[in-house]
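In what follows, a single structure is set out as structure tokens and then discussed.
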Amino acid sequence: MLRTENLSRPWLEPVSIRLPEGRIGVVMGRSGSGKTLLARAIVDLDPNEGEVWWKDVRRSAVSAPEWRRMVGYVPAESGWWADRVGEHFDGGGGDVPALLEAVAMPADALEWPVSRLSSGERQRLALARALARRPEVLILDEPTSALDEATKESVEALLLRKREEGMTLLVITHDPGQAERLGDLFWRIEKGRVEAVS
């Protein structure tokens, strides 16, 4: 289970949530309501208070890199630090060709310069890159916001397959249809306050 206890930071009230292993949790809310702040607090990218557990591992008991190997994060706008796409897929061990196919990208995309990527291509490749690292939990911030409907369906199908394989996912989305298609558990955030939705 992914569990937070009184997790907080500026503009985010204390949050205690439970997301069972192998399930998809969905967080919804208006722009600026605190969804990204919550995601970044869980993966410990910003100063925060409280505690987070994955299974029996307490976040504060392990190093940040070790925590982020278990609990991965794909932000709404991904970072790219090298010139070529393939330089960002560094020994994660995942089946990269299969992941590229699953996100509707050609195998030779690894040879592309990052500068040629569209917003949607960056979004799909960032997801493939994160999955190649084989996290046990993956937090996704608006994972299909730049995609057309057909490509969105491919990405959603991939996420559902990952759930079937036992991965735990927390998806932030503005799309009620996507929430319904993917979600097992639901939370709404408003002005930094998180509440469960039945």
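Worth pointing out:
- Cα shape, region 89-148, gyration tensor, a/c 1.5 rule: oblate
- Where GluC sites (Glu not before Pro) fall in DSSP loop in region 35-129, at most 15 other Cβ within 10 Å: 77
- Put a dot 7 Å past the Cα of residue 61, heading toward its Cβ, do the same for residue 107, and the two dots end up 4.4 nm apart.
- In the chain, a dipole from Cβ-located charges (positive for Lys and Arg, negative for Asp and Glu) runs towards its positive end, and of 138, 33, 192 it is 192 whose Cα lies farthest in that direction.
- Of all DSSP beta bridges in the chain, antiparallel share, percent nearest 5: 50 percent
- Relative contact order of region 54-133, defined on C-alpha pairs under 8 angstrom at six or more residues apart (%): 38 percent
- Modelled spin labels at residue 84 and residue 45, positioned 7 Å past Cα toward Cβ, are 2.7 nm from each other.
- Beta bridges per DSSP, both residues in region 113-198: antiparallel share near 50 percent.
- Chain lengthening between residue 174 and residue 18 when straightened (0.36 nm per residue, less Cα-Cα): 54.1 nm
- Rounded to the nearest 20, the size of the Cβ-charge dipole of the chain about its Cα centre is 440 debye, with Lys and Arg at +1 and Asp and Glu at -1.
- Projecting label points 7 angstrom from Cα along Cα→Cβ for residue 30 and residue 134 puts them 4.4 nm apart.
Coordinate-derived values only; no laboratory data. Source: prediction; values computed, not measured. Glycine also receives a Cβ, built like all others from the backbone with ideal geometry; neighbour counts cover every protein chain displayed.
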